[in-house]
Amino acid sequence: MNSERKKMGFEKFISGYTSNFLKFTLLNIIFAVPLCIACGICFAVCRLWLPNLSAVILPFAFVPVSPFVAGLVVVGKAIYFDELNESVFKKFMKAVKENFKAYLLHGVLAYIAFVGCYHGIIIYLALAKTSWIFYGMLFFSVLIALFLLFLFYGAFMMSAFFDLKLKDVYKNSALMTFGELKKNFFATVGIIGLVLVLTLPLMFVFYLSYVWGGFVSAIITMVYLGILMIFVLPAAVSTVITSTLYPNLKEVITGEARAEVQEFEVEKASEKDEFADDTKDFEDYSDFDISSLEKSEGDYVFYGGRMIKKSVIINRLKEVEERENE
């Protein structure tokens, strides 16, 4: 089972990415255009006018780029799961247009979260040298940063692939941060591993810096990192997250396949024994109230570690009432 899981994870990602390498490269090049423009403007502002605020201004490049992340996520998922039925550029621009406002807001919130967490970690890291108490604050800051990172994993995918209101996107993403904790960690570890593998050649460059000198090594490092950012990393990182989280995300949000199985099992158990223990999952929904569910907003309710359609719960509650009235 473990070997099969690894094959479906790491090996499937490598196979899916390499077999569509040209499409992913084209996607990276398209995304690199707004990325380079935004980064170039922010770098120029820091270099020419506000060098002391680089930690605040440089990350701001993500805000104008964020709507284009929608194209990266949507097209990357379509390529990886073999669902691309039009040109990469056309689907990219369509995804950007359809998700522009939502992703721009995601970008603003992600920027605020990054700047806040970055400065919090830096401050408590410096204060930890004066008192061990600040190590606890530092640990707490890291936990908040991880929570927000996992939150945006879900938010960016939910906005692109599911028709949910923005508040439902963040509510569900926050809940799934814990519900899919293992998958979130797997995605993060996958990204770190991918970056480490791709940057291994830089160790050779650093070694040769003693021969070539620091200036030449710095130029080579910058060129290599630029190549990675333009041709490889954006789509690769997006695909790691999508390939790890999207299958479970789809099941959790829709809940259709699992709900159908549970309905069949409950119906079968109830035929054998009306008060059988196997109907526990069916009767657990008695915590809900039909009228409250019908008045509440949204089509899904988070229960038992996953999102369930309200209509499924309402129908089951009505069936319970009918049985009690018989």
**Report entry** Selection within region 83-98 - surrounded by 14 or more Cβ atoms within 10 Å (Cβ to Cβ) and either in contact with a Pro (Cβ under 8 Å, 6 or more places away or on another chain) or in a loop (DSSP other than H, G, I, E, B) (or both)
**Finding:** Leu84, Val96
Requested in this report: Starting from region 160-178, keep only residues that are more than 15 Å from Asn248 (Cα to Cα), then list their pairs with residues that are surrounded by fewer than 17 Cβ atoms within 10 Å (Cβ to Cβ) and small (Gly, Ala, Ser) whose Cβ atoms are within a distance under 8 Å, requiring at least 6 positions of separation or different chains.
Outcome: Leu164/Gly298; Lys165/Gly298; Asp168/Gly298
Query raised in the report: Does Tyr111 satisfy the condition of being touching a residue at least 12 places away in the same chain (Cβ under 8 Å), touching a Ser or Thr at 6+ places or on another chain (Cβ under 6 Å) and open to solvent by less than 60 Å² (accessible area, probe 1.4 Å)?
Result: no
Query raised in the report: When residues of region 37-72 are filtered for being in contact (Cβ under 8 Å) with a residue 60 or more places away in the chain and surrounded by 16 or more Cβ atoms within 10 Å (Cβ to Cβ), how many remain?
Result: 3
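The values are calculated or read from the model by the stated rules, or taken from the named source; none is laboratory data. Please read these numbers as outputs of a predicted model, since none were measured by experiment. All Cβ positions, even for glycine, are placed from backbone atoms using ideal geometry, and neighbour counts span all protein chains on display. Protein only, heavy atoms only, side chains kept; ligands, DNA and RNA dropped before computing areas. Shrake-Rupley method; radii C 1.70, N 1.55, O 1.52, S 1.80 Å.
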